[in-house]
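For reference, the structure is listed below as structure tokens.
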């Protein structure tokens, strides 16, 4: 059973009003609903003013009240971000207590940056999947799962957080490698799966060439998220597969979101059937 996209909406200039009408994190007659946010936070450095201010990232994410956040370009111990352990600061400030972090790239001086997952549910079996192509920058996917109650039964939802390469051939190889990996080969066919992140999909062809043949649907729609100040490119994506559907999707367009990073956050409301 494939994931379905019911409706795509934007939040307008005022920011996400959809979360006011969708009851999340609990079972309904249709299933359990939750909100997932994908966001390249650019190390907490503003896309325009180039100023480090993690509080802007915190407030931007908090505005949309996600249950799960897939974050890219998260610093750990880097001089440019005051040696902060950003995954812990973000998780604590947002009251998303369960977290996983992977160090993708080691900086020349000190520190790393990579992907992070924050969640209101415990994250299980978090693993790094190496997607690095020879002679290209190191790239990994952070793969995990969480369990939630759906109509009185515990259901597993698989997650993968990606930040793909800059070359078209590189991105296709990376996605195919991920889809051949352990998470997707061992989970049952009826397990809901979500893959999100910064796909760097300049040509907008990864869905048609890789994801759709593997049974995934584009849950987020094609929404401009880069550059944040005046979005022109649809670089970020959220795909899903299995008994899960998108019931709303939009990019965050608050004034703060336009300044906090060089990407806008991408938000999808899901229902697990």
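The values are calculated or read from the model by the stated rules, or taken from the named source; none is laboratory data. Predicted model, so just to flag it, every value in this text is computed and none were measured. As a convention, Cβ positions derive from the backbone with ideal geometry for all residues, glycine included, and neighbour counts pool all protein chains shown.
Of these, 228, 249, which one is touching a helix residue (DSSP H, G or I) at 6+ places or on another chain (Cβ under 8 Å) and touching a residue at least 60 places away in the same chain (Cβ under 8 Å)?
228
Report, by residue number, each residue of the stretch 46-77 that is in contact with a helix residue (DSSP H, G or I) (Cβ under 7 Å, 6 or more places away or on another chain), over 14 Å from residue 261 (Cβ atoms) and either modelled with pLDDT under 95 or surrounded by 19 or more Cβ atoms within 10 Å (Cβ to Cβ) (or both).
76
Can we say residue 142 is outside any strand (DSSP E or B) and modelled with pLDDT of 95 or more? If you could, list the steps in order and put the result at the bottom.
On the way: outside any strand (DSSP E or B): no; modelled with pLDDT of 95 or more: yes.
Spelling it out, it is not the case that residue 142 is outside any strand (DSSP E or B) and modelled with pLDDT of 95 or more.
For the stretch 195-240, which residues satisfy the criterion of being surrounded by 23 or more Cβ atoms within 10 Å (Cβ to Cβ) and farther than 16 Å from residue 164 by Cβ?
219, 228, 240
Could you identify the single residue in 15, 30, 25 that is within 17 Å of residue 97 (Cα to Cα) and at pLDDT below 95? Full working, then the answer.
Numbers: 15 fails: within 17 Å of residue 97 (Cα to Cα); 30 fails: within 17 Å of residue 97 (Cα to Cα).
Every option except 25 fails the conditions.
In the stretch 107-122, which residue that is more than 26 Å from residue 149 (Cβ to Cβ) and either in contact (Cβ under 8 Å) with a residue 12 or more places away in the chain or in contact with a strand residue (DSSP E or B) (Cβ under 7 Å, 6 or more places away or on another chain) (or both) is surrounded by the most Cβ atoms within 10 Å (Cβ to Cβ)?
In this case the residue turns out to be 115.
Of all residues in the stretch 243-273, which are surrounded by 24 or more Cβ atoms within 10 Å (Cβ to Cβ) and assigned to a loop (DSSP other than H, G, I, E, B)?
252, 261, 263, 264, 265 - these are the residues of the stretch 243-273 that are surrounded by 24 or more Cβ atoms within 10 Å (Cβ to Cβ) and assigned to a loop (DSSP other than H, G, I, E, B).
Which is touching a strand residue (DSSP E or B) at 6+ places or on another chain (Cβ under 9 Å), under 23 Å from residue 244 (Cβ atoms) and outside any helix (DSSP H, G or I), of 222, 178?
Being touching a strand residue (DSSP E or B) at 6+ places or on another chain (Cβ under 9 Å), under 23 Å from residue 244 (Cβ atoms) and outside any helix (DSSP H, G or I) holds for just one of 222, 178, which is 222.
Kindly establish whether residue 104 is within 20 Å of residue 266 (Cβ to Cβ), assigned to a strand (DSSP E or B), at pLDDT 95 or above and touching a strand residue (DSSP E or B) at 6+ places or on another chain (Cβ under 8 Å).
Here the answer is no, as residue 104 does not meet what is asked.
Of all residues in the stretch 162-174 being assigned to a helix (DSSP H, G or I) and touching a residue at least 40 places away in the same chain (Cβ under 8 Å), which is farthest from residue 146 (Cα to Cα)?
By that ranking, first place goes to 173.
Among (1) surrounded by 22 or more Cβ atoms within 10 Å (Cβ to Cβ); (2) within 16 Å of residue 235 (Cβ to Cβ), which single condition is residue 165 missing?
In the conditions (1) surrounded by 22 or more Cβ atoms within 10 Å (Cβ to Cβ); (2) within 16 Å of residue 235 (Cβ to Cβ), residue 165 misses (1) alone.
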